[in-house]
Amino acid sequence: MENKIISQDEEKIVLSVEMNAEEWDKALQSAYEKTRSKYNIEGFRKGKAPRKVIEKFYGDNVFFEEAFNDSISEFYIKYLQENKGIKPLNSYPDFKIDDLSNNGYKVTMTIALTPKVELGAYKGLEVKKITHEVKDEDVENEIKRMLAAQATEVECDLDKAVENGDIAVIDFDGTIDGERFDGGLSEDYPLEIGSHTFIDTFEDQLIGLKKGDTKDVKVKFPEDYGAKNLAGKDAVFYVTIKEIKQKKLPELTDEFAKSLGEFEDASALRAFIRSALEKQAAQRSQHETENALVDLIVEKSKVKVPKDMVDAQLENMMRDIEYRLMYQGVSLEQYAKMSGTTVEQLKEERRADAEKSVKTRLVLEKIIEDEKMEITPEEVDNKIQELAKNSNKSFEEFKKSLPKQQLDYIINDVIVNKLYDYLASQNTFAE
């Protein structure tokens, strides 16, 4: 195959690649031998029909796609082997087919290049150490959350009026312009007053009511409400208070601590909570300090980040946001509307973060390359062993179940941690 450079700069190489008739015929023959078992031709055993017969039956171009993909891939691999200085950005180039026939083909191939990184100082730097301390109030707040998770609901006396924090068990029947609507009718619905799970001032209007009381609660659906037939509409809910309940929190006693199955007394539970919070604080401190060091290294380095890389990173970031919102039952469009903006504006607001993320990755990859950092199969297996233990699975079972994408993520995690350890050893952290 013949090739010549059309243009070349820091971002890409554009090649003209041509395959002549003789080479193309060989590629078609190879494609025929590779795929002939897929074709059934009457009068021939499966896979035994001659190439010309298959081409006559299915068309002259029946093997074109297979032959083209195989030959262009083979050329690309060979081209990179012969030009080892080229560092492609992507695993496969872009190409435009200029001509394709029985006489061969001609394509314009574009190889995007990994941007050149000019590293600044990444050794001998000093960074202020970030520390997060655990205060007594942090421990108390965590204890309160734990006790709240164990709370029970107790029915109140008849003369008890609804207050914030109470759970009102209600029946409601909603109407708009006197007509019922889907989702506006329910019985024995437990509503925590002050949780703001209902629209507008619905919960506030129940305060002061007692068991057996009824009330017409008037509200207005938000303009951006998910159900478009209700958005912006005035509604009236006929509400009946069926029960009023209060949450009863347990006390932090020795008996409560023992009921959790792991602690001798309340002091042991409190000590465990403090220890867990201190471990979290230490991890957070280390993570933020390491990030501060990396930010400083990136700031001192020079790299021109291609727009295509930023766009790709931006798409990944938006996809992650969309997935997280999906689990909350909210679409990206709805979230944007609730935030008073558009999806495109949300995207552009994150462009600077996407650019920083790409630049950071390129700088760290350059350090790994310059320092000739490598990881061993044993280091990867140690990480897999750790993950398997956390999943209560055997090493073999867990490793066998790993999809390639997750394995690649683990490998990347191992080498990044190795890099961070190296950078920590080469720089100082001031208290």
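Brief remarks on what is shown
Here is a yes/no grid of residues against (1) touching an Asp or Glu at 6+ places or on another chain (Cβ under 7 Å); (2) closer than 29 Å to VAL139 by Cβ; (3) assigned to a loop (DSSP other than H, G, I, E, B):
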| residue | (1), (2), (3) |
| --- | --- |
| THR201 | no, no, yes |
| GLN205 | no, no, no |
| GLY208 | no, no, yes |
| TYR225 | no, no, yes |
| GLN246 | yes, yes, no |
| PRO250 | no, yes, yes |
| PHE256 | no, yes, no |
| GLU262 | no, yes, yes |
| SER267 | no, yes, no |
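- Residue within region 288-309 that is out of contact with any strand residue (DSSP E or B) (no Cβ under 8 Å at 6 or more places or on another chain), among the hydroxyl-bearing types (Ser, Thr, Tyr), surrounded by 14 or more Cβ atoms within 10 Å (Cβ to Cβ) and within 23 Å of LEU89 (Cβ to Cβ) present: no
- Only one of ILE41, ILE13, ILE54 that is closer than 30 Å to THR108 by Cβ and β-branched (Val, Ile, Thr): ILE13
- Residue list for region 227-244, filter: in a strand (DSSP E or B), over 14 Å from GLN205 (Cα atoms) and open to solvent by 90 Å² or more (accessible area, probe 1.4 Å): ASP234
Every residue, every condition in (1) at pLDDT below 95; (2) open to solvent by 40 Å² or more (accessible area, probe 1.4 Å); (3) of a type in the set (D, E, K, R), yes or no:
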site: ARG51; (1), (2), (3): yes, no, yes
site: ASP60; (1), (2), (3): yes, yes, yes
site: SER73; (1), (2), (3): yes, no, no
site: GLN81; (1), (2), (3): yes, yes, no
site: GLY85; (1), (2), (3): yes, yes, no
site: PRO93; (1), (2), (3): yes, no, no
site: LYS106; (1), (2), (3): no, yes, yes
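- Of the residues making up region 108-158, those that are outside any loop (DSSP other than H, G, I, E, B), open to solvent by less than 50 Å² (accessible area, probe 1.4 Å) and under 21 Å from SER285 (Cα atoms) number 2.
Quick grid of which residues meet (1) touching a Phe, Trp or Tyr at 6+ places or on another chain (Cβ under 6 Å); (2) farther than 26 Å from ASP60 by Cβ; (3) open to solvent by less than 80 Å² (accessible area, probe 1.4 Å):
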{"position": "ILE13", "(1), (2), (3)": "no, yes, yes"}
{"position": "GLU23", "(1), (2), (3)": "no, no, yes"}
{"position": "GLU33", "(1), (2), (3)": "no, no, no"}
{"position": "ASN40", "(1), (2), (3)": "no, no, no"}
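- Of the residues making up region 159-189, those that are touching a residue at least 24 places away in the same chain (Cβ under 8 Å), open to solvent by less than 80 Å² (accessible area, probe 1.4 Å), farther than 30 Å from ARG270 by Cβ and in a strand (DSSP E or B) number 13.
- Checking each residue in region 73-107 for being outside any strand (DSSP E or B) and of a type in the set (S, T, N, Q) picks out SER73, GLN81, ASN83, ASN90, SER91, ASN102, ASN103.
- Cβ pairs under 9 Å, 6+ apart, first in region 79-97 and within 25 Å of GLU65 (Cβ to Cβ), second assigned to a loop (DSSP other than H, G, I, E, B): TYR79/ILE86; LEU80/ILE86; PRO88/THR114
- Look at (1) surrounded by 12 or more Cβ atoms within 10 Å (Cβ to Cβ); (2) in contact with a helix residue (DSSP H, G or I) (Cβ under 8 Å, 6 or more places away or on another chain) and you find that GLU262 fails only one, number (1).
The values are calculated or read from the model by the stated rules, or taken from the named source; none is laboratory data. Note that the coordinates shown come from a computational prediction; the quantities given were computed from them, not determined experimentally. Cβ sites come from the backbone with ideal geometry, for glycine too, and all protein chains shown count toward neighbours. With ligands, DNA and RNA removed, areas are computed over all heavy atoms of the protein, side chains included. Shrake-Rupley method; radii C 1.70, N 1.55, O 1.52, S 1.80 Å.
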